[in-house]
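Report on one structure; see the data block that follows.
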Ligand SMILES: Nc1ncnc2c1ncn2[C@@H]1O[C@H](COP(=O)(O)OP(=O)(O)OP(=O)(O)O)[C@@H](O)[C@H]1O
Ligand SMILES: [Mg+2]
């Protein structure tokens, strides 16, 4: 089960950054998400996904890297961008330094080639958040970031962006125009219903397209949660 596997690895690694191994049950769960996302873009291909949640710690970064590796393993050229500039963690998953990332590129401290880090997984590249900035909004609203998006759109089949939680920061509204679809992560049995609803309203008010909801920390025998998990796919902005 996803939750048990995360607990075991967490104890070993002391942090929660788990890149699940192919041929595991957990990996299959992420592969199922790929199937759902592919169905959702049957008429018009979606390639730029943002992963968000209501509050911190619900599983955004884990969901982001693991969906990205599933796409990379199915022969797609994939890029992960860490736009959670306040709490960046993507670099931990790949055991790489958080230098020469988004902030460095936007502040002209490095070029794009240097900012793109190759991972050990074939076809999977990463742009980390980069050197800490006290002004994440300035970076997110910069022309430099927008032109980076345009460039990487041509270079990659799929791009997955890790973002801050919706209720904790309004950061992402400035880049929402570039994102094709949002994936909303929800911590089963923990996220408050009214707060989750507020998240969905804010995303809808920003006129973003919601691909679906990924339930994390689902207990093995929680049939209700499982039902919701599958049912929740296709959670479109007009529904
Ligand atoms: N599907 C899952 N089942 C069980 N545990 C999970 C799952 N996904 C993530 N976790 C665990 O939950 C914790 C938080 O995960 P993660 O760092 O991905 O969340 P986050 O939303 O990115 O957090 P933050 O808001 O701090 O960036 C980690 O310990 C991680 O291992
Ligand atoms: Mg995170």
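Observations on the model:
- When only Cα pairs below 8 angstrom with a gap of at least 6 residues are kept, region 2-231 shows a relative contact order of 26 percent.
- Taking other C-beta atoms within 10 angstrom as a stand-in for reagent exposure, 94, 160 fall in the order 94, 160, fewest first.
- Rounded to 0.05, the FRET efficiency of the residue 143 and residue 25 pair, given R0 = 35 Å and the Cβ-Cβ distance, is 0.20.
- Proxy reagent accessibility, fewest Cβ within 10 Å first, across 58, 195: 195, 58
- Taking N as its residue count, the alpha carbon Rg of region 2-231 over 2.2 N^0.38 Å: 0.96
- Cα-based equivalent ellipsoid of region 48-124: semi-axis lengths in Å, sorted from largest, via gyration tensor: 20, 18, 11
No value in this document is a laboratory result; all are computed from the given coordinates. These figures come from a predicted structure and were not determined experimentally. Neighbour counts are summed over all protein chains in view; Cβ atoms, including those assigned to glycine, are modelled from backbone coordinates with ideal geometry.
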